[in-house]
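Since every read-out is calculated from the coordinates, none of them should be taken as a lab result. Just so it is clear, the model here is predicted, and its values are computed rather than measured. Glycine also receives a Cβ, built like all others from the backbone with ideal geometry; neighbour counts cover every protein chain displayed.
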Ligand code: ATP
Ligand code: MG
Ligand code: MG
């Protein structure tokens with residue numbers, strides 16, 4: 001059962017229930033526009049809308065807000081459904097499209113004309129801007145404002161019938177050109193747009209504006225609480241005006257602060273730009289803050305939901321540190337990630353006193369705190385790989401890894417000591433020669449002998465080659481308020497991905513599947529890349545490193 005969170009929206013709902021508003025019924029909706037892939041900000045909205053429904057014994061609809069034909073596509077409809085399901089939510093038989101309501105939305109526009117509350121306006125967009133006024137200056141009434149109802153009905157029908165070119169005329173609400181709220185100065189309700197819609201084809205050449213279609217869609221679906229982001233607060237009077245003037249079911253709009261995250265961008269518009277300019281490979285590039293990108297990177301739905309729960313719901317905009325998101329996935333994977341060994345930048349180690357051609361099979365636990373996760377067998381022999389960075393010929397002080405004359409423990413195996421090195425013509429160390437102490441096998445009687453360093457390793461003849469991709473942030477700094485995002489291309493991190501193509505991983509990983517999550521000892525949490533990894537040519541993504549930088 002979900003944790004019942006208390007936030008200001010739940011407080012409103014509690015009041016509404018107490019007053020038996022809508023007979024105590026709670027119905028929400030998640031209304032994405034299918035013009036791009038969902039991102040982590042949408043995850044917050046999904047968790048909130050579906051979560052509130054579950055917590056209150058209510059229902060949550062999935063509604064595609066597809067009233068703008070030019071940018072929308074079925075590709076996005078499919079990805080949105082996949083992402084909502086992946087997050088663990090289900091809309092049952094309540095999947096709707098705003099475009100299904102086009103006939104009804106049109107009928108309501110006719111009603112507004114008949115009520116004398118809407119008119120056809122012939123001002124050009126430029127003139128309309130001039131007439132609109134400013135925050136400090138009232139607007140001017142359009143010369144077309146007082147057309148007769150008959151003329152408006154005739155013109156609106158002819159707009160619908162395709163008699164006028166794009167942009168020639170609009171339908172406007174007749175509200176108040178002197179309103180201090182610019183959204184109430186006779187806002188546009190319908191525009192002419194001769195473009196094909198991904199669902200209604202060429203049936204319509206006029207399309208309703210968001211501010212007009214949204215309240216009607218909510219009302220048609222009997223949505224009780226219509227939750228949206230803060231930038232719509234100023235639009236609420238228009239939302240209410242629409243429902244009140246039409247005298248239809250009164251959904252209530254409630255605004256909350258949108259999620260902003262450091263070191264990334266969130267607008268679909270900007271994310272699309274990254275994809276179209278080839279700065280990332282696709283919408284699901286593992287560096288993207290999209291839900292599909294996080295999924296491919298290796299995030300779990302549990303970690304994303306935990307994150308959304310922890311950030312809470314606020315009335316004021318803020319920027320959340322991305323290290324909190326990382327903290328959530330790290331905590332989840334620390335608990336469930338199987339421990340394995342992988343060497344990302346291999347250096348050959350030869351154990352001179354170990355018999356050539358011999359292999360022994362060592363026991364290695366899969367998780368130190370979860371014995372029920374079992375253990376596996378690891379081959380050990382004369383030739384191994386360790387990390388290049390775990391050996392230094394001339395070490396600084398306090399280097400407790402491998403260095404001439406110094407002992408280290410190989411995890412799950414023996415203590416070894418470096419005796420000599422082999423170098424190539426350029427002086428680079430290509431092989432480290434060691435001896436091992438056969439008395440120090442892990443789990444054996446002498447296993448307690450202490451040395452300062454423990455290294456991960458793989459057996460050279462058994463290990464399998466793999467590619468490993470390490471990721472860094474998409475943006476180099478953390479100024480992420482929406483308004484500051486215009487120059488984000490200049491702030492792109494040029495080193496957001498490092499591909500290591502000569503890694504050696506323990507052979508047990510040949511059986512890994514895309515749903516597996518691993519801790520590569522001392523390296524972080526990893527999973528197979530769902531697009532690029534193939535049997536025999538494994539590709540791993542680093543989901544997150546081990547070091548937690550989140551400060552409460
Ligand atoms: P973007 O600006 O990223 O394109 P949008 O608001 O235009 O997002 P929609 O598809 O209209 O995208 O969003 C669907 C729902 O998700 C809306 O109710 C919107 O308020 C919510 N939403 C979008 N971005 C965020 C965010 N960063 N934090 C919280 N909710 C968000
Ligand atoms: Mg939107
Ligand atoms: Mg937007």
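Using just the C-alpha positions of region 233-277 as equal point scatterers, what log10 of I(q)/I(0) does the Debye formula give at each q in 0.19, 0.27 1/Å?
-0.71, -0.95
Counting only helical runs of four or more DSSP H residues, what would the 222 nm mean residue ellipticity of the chain come to if each run contributes -39,500 (n - 2.57) and the total is spread over all its residues? Spell out each step's value before the answer.
Numbers: 12 runs with 137 residues, N = 552.
Calculated at 222 nm, the ellipticity per residue is -7500 deg cm²/dmol.
Once the convex hull of the alpha carbons of region 9-256 is built, what does its volume come to per residue, in cubic angstrom? Numbers along the way, then the final one.
Details: hull volume 32.2 nm³, N = 248.
Convex hull volume per residue, Cα atoms: 130 Å³.
Extent of region 342-456 along each principal axis, from alpha carbon coordinates, in Å, largest to smallest?
49, 35, 27
In what order do 205, 47 fall by count of nearby beta-carbon atoms within 10 Å, going from fewest to most? Walk me through the numbers before you get to the answer.
Details: 205 21, 47 24.
Fewest-to-most ranking of 205, 47: 205, 47.
Dividing the Cα convex hull volume of the chain by residue count, how many Å³ per residue is that?
Working: hull volume 106.6 nm³, N = 552.
For the chain, the hull spanned by Cα atoms encloses 193 Å³ per residue.
Exposure proxy check: 467, 244 ranked by fewest other beta carbons within 10 Å? Display every interim value, and only then the final one.
Working: 467 17, 244 11.
In increasing order of surrounding Cβ atoms, one gets 244, 467.
If you take all C-alpha pairs in region 37-157, what percent of them are over 20 Å apart?
Working: 4608 of 7260 pairs.
That tail contains 63 percent of the Cα-Cα pairs.
Based only on other Cβ atoms within 10 Å, what is the fewest-to-most ordering of 90, 218? Walk me through the numbers before you get to the answer.
Values: 90 11, 218 30.
The order, fewest Cβ neighbours first, is 90, 218.
Any idea what Rg and Dmax come out to for region 192-338 if you just take the C-alpha atoms, in Å?
19.5, 60
Can you check how the C-alpha radius of gyration of region 398-524 compares to 2.2 N^0.38 Å, as a plain ratio?
On the way: Rg = 20.7 Å, N = 127, 2.2 N^0.38 = 13.9 Å.
With N residues counted in region 398-524, Rg over 2.2 N^0.38 Å equals 1.50.
In the chain, what % of DSSP beta bridges are antiparallel (nearest 5)?
Values: 54 of 83 bridges.
Bridges in the chain are about 65 percent antiparallel.
Given the peptides 364-376, 184-196, 535-547, arrange them by the average over their residues of other C-beta atoms within 10 Å, most packed first. Intermediate results must be reported in sequence, preceding the final value.
Details: 364-376: 13.0, 184-196: 18.6, 535-547: 17.0.
Ranking the peptides 364-376, 184-196, 535-547 by packing returns 184-196, 535-547, 364-376.
How would you rank 487-500, 328-341, highest first, on the average number of other Cβ atoms within 10 Å across their residues?
Details: 487-500: 13.2, 328-341: 20.1.
Ranked by mean Cβ neighbours within 10 Å, highest first: 328-341, 487-500.
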